[in-house]
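Only the coordinates and a few stated rules stand behind these numbers; no lab work does. Every value quoted in this text rests on a predicted model; they were computed, and no experiment measured them. No Cβ is skipped: glycine too gets one built from the backbone with ideal geometry, and neighbour counts run over all protein chains shown.
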Amino acid sequence: MRKDFRIPAIVILAGALLGLVFATYSSLDYAAHLDRQLHDVHCSVIPGAPPQGEEGAQGCRAAMYSAYSAVLKGKLWGGIPISLFAQGCYAFFAGFAVFLLVAGRRASRSAAEFVGVVGLTPVLVSVVMAVISITQLGTFCHTCIGMYLASLLVAVGGIMTLWGASARSRGGVLLPIVWLGSLGVCTAAPAAAYAAVAPDHTPYLSSCGGLKLAEPPPGVLVSLPGNRPLQPALMFEDPLCANCKAVHLRLVQEGIIEKLDTRLALLPLDSACNWMLDTPLHPGACSVSKAVICAGPNAREVLEWAFDQQHYLLRAGERDQQQGYKDQRTTREVIRLRWGDELGKCVGSKEAEQRLNRHLQFAVDNTVPVSTPQLYLSGRRVCDEDTDLGLRFALTRTAPELVR
Amino acid sequence: MNPYPSASAFDVQPGEPPSGPPYLGGVAGLGAGLLSLLIVLVLVTSGVSAAAGRLKNPGHAAQKPAVALADHAEVAYCTPQFKQVLQRVLHSCGLSDKTGRRGCQPTDVRTFANITDTDFNALFTPLKDRGGVIMFDVSGKDLDDGARQLLREKWEARRGARYFFIVARASQTGTSAKNRALSHERANSVMFFLQELTRDPDLDKKVGMLWLGEEYAQLSTEYCSWSTSRPGQKCNEDAINRTAFISWVDCRL
């Protein structure tokens, strides 16, 4: 007795519709950022629900700004988000599920085999993306989790159709090829539509100003040379700023950091040393900045440690602030425990204080915005929005050697 | 997507009632697939077009919040009056970059500052903790070790300040002309040391020099309590005026 395809078809349809909803939210969030502004993102396993505060949205932002969120990033500002391919794919499976549902017992073995095999592709892609999330981003995007679940439903439904499919007639030999072709067309169509209407960002790339001084004073800034430096770069960073961490990770993921001969100007957003602020945005950042300065050739290692331990270091800084420790002794102790007495002593020295002061004076001499991070290539500022979604596109046009 | 099944794709067993026309499943699937795709395409293109529109014509809501620009410190003692005097002195006496002049003589200061001696000194009172007093020997212009040490300390404590001031004086012992020259030499001694210390080619743009001789804004013994280069030395009216007052000034002009 042949099994009915109705239940598997309903499972596939449910998965496809769920995936369609999540992928559409994801694509629309991505598309909204094409105006170069910041927008809220949907980031919940409940379709359309708002994220639980900014922290709840962080996973989705991290995924969206990552190198893995889109393809053809060098050709199109922000690239073509992969969620568009998911939308097309889920639209196909929604149609195919309706076909199985309506055809019922008339559906052939080849239809069952097709959906049983090809229905695994979304879940395989999900597995790849989940591994990337864990290993590269260190966080999960809730909307992506929704898509993972949807792909699992499609795969489960597909496998269910295989049960008892052998009792059916094979059906048309060419049909699987037609379906596969249709799947390809469906998958590519949203991406093609997106690319066709996406605006050109080239005129906006050089709209963010530049440095007044071409050359920083020799020996003042921190040198962070990459392995294969091709282009000098200047960055203003605060080791305790979350966006600095995100941009740094992006430059690492894109393999760009190794092609830069970076000079780092520290701009801690901490009023303990930065007179440009009335209150500390990142308490403890002054001491951590001094640690980066004191680290000399190990500056990148200390900087990356600070990025990695931002939450913990900020808590230490907050404690210093609450206790009225102007010397930031708690933060300095955390630094000493990790990097040893010599570096700990250096952080408390007048020399480190003066050098950090020269970094801040360099910011003043250039009248740069009191914000971090800032990336300058050949004296021109790379706009903030071009350091996240548009990074590859901007570099392809302004410094193509970095993205080759 | 076109999942039209051929007639052979439908597997109807003998005796089973057909559940509808053989092409119904294909048509329904195709219709559902196309409808889904159409919805996706409409949503995507409208989302992108809306963003493109905002990019081209950013509304007020899209204006980025103004970000402060990095600038020098501006603290409470930078009163309008203080800044006015500071500005006059700096611009009129010149930081030597534009006018080729360096420093101001007592008559210049009196003219440009346009305030009384007492008011002039009072302007610098808030700099008690920020500044220091370099003391010199009678008729002397050379810096001793204590003077160098204090100068180094004060110079290195720049923080966000823009200008460094040297205000040299002489006691009222001797002629006015001699004291004017002596206070000039004292100011120069400080400046030369800073040049040696910093090797900064732009030092002239940071340091403002005034030499007041004995004629203008003499200090009272009240200033003996300030941070001096000779903390153990007896301080009287003569001693406190054989000095150069030094300080960074945390004001924007």
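Table for the structure above
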read-out: Derived scalar couplings ³J(HN,Hα) [the stretch A:242-257; Karplus, 6.51 cos²θ - 1.76 cosθ + 1.60; whole Hz; x for Gly, Pro]; value: 5, 5, 4, 4, 5, 5, 4, 4, 5, 5, 5, 4, 7, x, 7, 4
read-out: Cα-based Rg of the stretch B:111-253 normalised by 2.2 N^0.38 Å, two decimals; value: 0.97
read-out: All-pairs alpha carbon distance profile, the stretch A:56-172, 10 Å steps from 0, percent; value: 13, 37, 27, 16, 7, 0
read-out: 0 to 90° range, to nearest 10: angle between helix A:175-197 axis and chain A longest Cα axis; value: 40 degrees
read-out: Contact order normalised by residue count of the stretch A:345-404, Cα under 8 Å, 6+ apart, percent; value: 13 percent
read-out: Cα-based helix-to-principal-axis angle, A:350-365 vs chain A, degrees rounded to 10; value: 70 degrees
read-out: Cα-based Rg of the stretch A:6-130 normalised by 2.2 N^0.38 Å, two decimals; value: 1.21
read-out: Rounded to 10°, Cα long-axis angle of helix A:121-132 versus longest principal axis of chain A; value: 20 degrees
read-out: Over chain A, relative contact order from alpha-carbon pairs under 8 Å, at least 6 apart, %; value: 20 percent
read-out: Cross-link partners of A:Lys75 among aspartates and glutamates (Cα-Cα below 14 Å; sequence separation of 8 or more within a chain); value: A:Asp200, A:Asp386
read-out: Proxy reagent accessibility, fewest Cβ within 10 Å first, across A:Thr367, A:Thr135, A:Thr330; value: A:Thr135, A:Thr367, A:Thr330
read-out: Too-long pairs where the Cα-Cα distance tops 25 Å, listed order kept, from B:Lys83/B:Lys206; B:Lys154/B:Lys205; A:Lys212/B:Lys56; A:Lys245/A:Lys290; value: A:Lys212/B:Lys56
read-out: Residues whose placed amide H lies under 5 Å from that of B:Ser171, excluding near-sequence neighbours; value: B:Arg242
read-out: Alpha-carbon gyration tensor eigenvalues x 5, square-rooted, for the stretch A:305-404, Å; value: 33, 17, 14
read-out: The stretch A:237-363: mean projected area of Cα convex hull, nm²; value: 7.2 nm²
read-out: Mean separation of Cα contacts under 8 Å, 6 or more apart, over the residue count of the stretch B:83-226: relative contact order %; value: 34 percent
read-out: At 1.002 mPa s and 20 °C, Stokes D of chain A from Kirkwood alpha-carbon radius, µm² per second; value: 91 µm²/s
read-out: Within straight-line cross-link reach of B:Lys128, aspartates and glutamates at Cα separation under 18 Å, skipping those fewer than 8 residues along the same chain; value: B:Glu74, B:Asp117, B:Asp119, B:Glu153, B:Glu156, B:Glu222, B:Glu237, B:Asp250
read-out: Per chain A, cysteines lacking a partner by the 4.7 Å Cβ criterion; value: A:Cys89, A:Cys186
read-out: Set of aspartates and glutamates with alpha-carbon distance to A:Lys326 below 16 Å, sequence-local pairs under 8 removed; value: A:Asp270, A:Asp278, A:Glu318, A:Glu353
read-out: Calculated log₁₀ intensity ratio I(q)/I(0) where the Debye formula runs over C-alpha points of the stretch A:250-293, q = 0.18 Å⁻¹; value: -0.63
